[in-house]
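J.: There's a structure below that I have some questions on.
The values are calculated or read from the model by the stated rules, or taken from the named source; none is laboratory data. None of these values were measured; they are calculated from a predicted model. Neighbour counts are summed over all protein chains in view; Cβ atoms, including those assigned to glycine, are modelled from backbone coordinates with ideal geometry.
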Amino acid sequence: MAVTIDEVAALAQVSPMTVSRVVNGQSKVRESTRERVMQAVGKLGYVPNRAASSLAAAQDARIALIYTNPSSAYLRELLLGVLHVTARTTFQLIIDDWEGFDAAAERKAARTLGGSVGGVILPPPLCESKVVIGELGRAGVPMVAIASGSFNPDISSVRIDDFLAGKEITEYLIKAGHTRIACVKGHPNQMASQRRFEGYKAALKEAGIAPDAQLVQQGYFTYRSGLDATEKLLSLRKPPTAIFASNDDMAVAAVSVAHRRGLQVPRDLSIVGFDDTSAATTIWPELTTVRQPIGNMADAAIDILLRAIRRKPEDHRVVVDHVMAHQLVVRDSVAPPPVLARKSGT
């Protein structure tokens, strides 16, 4: 039976993509690696399939976007941003859903992906997966993380300062007169969730507001988790006067629960979100939220990725940490707490 490229890759201890580059005479391979591959080719008697080689030559023109994000609104914004940018390039975009993959499945999928694309865009939570980053890194595939909660020296990233954004939107509620402010945290598998929560706590501390564990509920960036968290908060003997939900999906759910309980937003309860997705302006009242410039982040991420793909083997590898500006978008979902509103006659 004919020797396969995977067998050559296994013997040379490189990825199939690297073997393809060597046998097709591409320059993006270290000389020591090239020699190791050619030794394996000679030992196994490998004869390249020219039809397959012509396809492999186009490999570097493929970029993959892998997602597992539970927020449909956020995912829509991200996909539209990436599609808009790649439409202006000659690159082919591959989109794949790894929802429900465990570590073993992620490792296998990343290993396969490493031999078929020239670069990968990783949104959260995959951008923080050591398994995925490790496998793609060993395959020599350039990667860029979008919206990671913190910088990882193993992967370039485009992000906002989630701590500062969480702090600023909490301060906005405090300036409106709120002291009993709840927080619905984001999914614990994402660093951005923790950073936003830390910003919330920092704002309370600076304002001299004592933290209250009852006012913190775990969410998972889904509408359903927002419903459950808000029900618990509004069932407290002393419920909050304001809720900071860590994304717009959960904030929209909070508005729904408030309305179902006969509360008016923002007269009886102020609610803010995060991301400024389309969900923020499709409800009443429209949400005050933090805008992540998702389209611009996608643009910057692809620019960084293309530079890495086109880098020559002898060039020094550069890891970029691009922190973009966020924006507090003020709409109609925040007002002074009911007691202050009554005192001022509003």
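J.: Looking only at the range 133-142, count every residue that is free of Cβ contacts under 8 Å to residues at least 40 places away in the same chain and touching a strand residue (DSSP E or B) at 6+ places or on another chain (Cβ under 8 Å) and tell me the total.
T.: The total comes to 3.
J.: How many residues are without any contact (Cβ under 8 Å) to a residue 12 or more places away in the chain and among the charged types (D, E, K, R) if we restrict to the range 88-120?
T.: 3
J.: Restricting attention to the range 265-284, does a residue exist that is charged (D, E, K, R) and farther than 19 Å from Y172 by Cβ?
T.: no
J.: Another one. Answer yes or no as to whether R50 is closer than 30 Å to N296 by Cβ, surrounded by fewer than 17 Cβ atoms within 10 Å (Cβ to Cβ) and at pLDDT below 85.
T.: So R50 fails the test.
J.: Let me confirm something: among R237, R311, R291, R261, which residue is at pLDDT below 95 and either surrounded by fewer than 16 Cβ atoms within 10 Å (Cβ to Cβ) or not aliphatic (A, V, I, L, M) (or both)?
T.: R311 is the lone residue from the list that is at pLDDT below 95 and either surrounded by fewer than 16 Cβ atoms within 10 Å (Cβ to Cβ) or not aliphatic (A, V, I, L, M) (or both).
J.: Would you call L75 within 29 Å of T281 (Cα to Cα), at pLDDT below 85, exposed (fewer than 14 other Cβ atoms within 10 Å of the Cβ) and within 17 Å of the chain's Cα centre (by Cα)?
T.: So L75 fails the test.
J.: Can you pull out the residues in the range 255-265 that are part of a helix (DSSP H, G or I) and in contact (Cβ under 8 Å) with a residue 40 or more places away in the chain?
T.: V255
J.: Given (1) touching a residue at least 24 places away in the same chain (Cβ under 8 Å); (2) assigned to a loop (DSSP other than H, G, I, E, B); (3) hydrophobic (A, V, I, L, M, F, W, C); (4) more than 23 Å from S150 (Cβ to Cβ), where does V252 come up short, assuming only one miss?
T.: Among (1) touching a residue at least 24 places away in the same chain (Cβ under 8 Å); (2) assigned to a loop (DSSP other than H, G, I, E, B); (3) hydrophobic (A, V, I, L, M, F, W, C); (4) more than 23 Å from S150 (Cβ to Cβ), the lone unmet condition for V252 is (2).
J.: In the range 231-249, what count of residues is obtained for those that are assigned to a loop (DSSP other than H, G, I, E, B) and out of contact with any Ser or Thr (no Cβ under 7 Å at 6 or more places or on another chain)?
T.: Looking only at that region, the number is 6.
J.: Test each condition in (1) at pLDDT 85 or above; (2) of a type outside the set (G, A, S); (3) more than 16 Å from the chain's Cα centre (by Cα) for Y67 and report the one that comes out false.
T.: The single condition Y67 does not satisfy is (3).
J.: Got a sec? Which of A253, A229, A279, A245 is modelled with pLDDT under 95, of a type outside the set (S, T, Y), buried (at least 24 other Cβ atoms within 10 Å of the Cβ) and assigned by TED's automatic domain parsing to the domain that holds L215?
T.: Values: A253 fails: modelled with pLDDT under 95; A229 fails: modelled with pLDDT under 95; A245 fails: modelled with pLDDT under 95.
Just a single option satisfies the conditions, and that option is A279.
J.: Given (1) outside any loop (DSSP other than H, G, I, E, B); (2) under 22 Å from A165 (Cα atoms), where does D228 come up short, assuming only one miss?
T.: Answer for D228: the failing condition is (2).
J.: I'd like to know if the range 220-243 contains one or more residues that are touching a Cys at 6+ places or on another chain (Cβ under 8 Å) and without any contact (Cβ under 8 Å) to a residue 40 or more places away in the chain.
T.: no
J.: Output the qualifying pairs, or none if there are none: Cβ atoms under 6 angstrom, residues six or more apart or on different chains, first residue in the range 280-298 and farther than 20 Å from L93 by Cβ and charged (D, E, K, R), second residue part of a strand (DSSP E or B) and at pLDDT 95 or above.
T.: Listed by first residue and then by second, the contacts come to R291/Q327; R291/V329.
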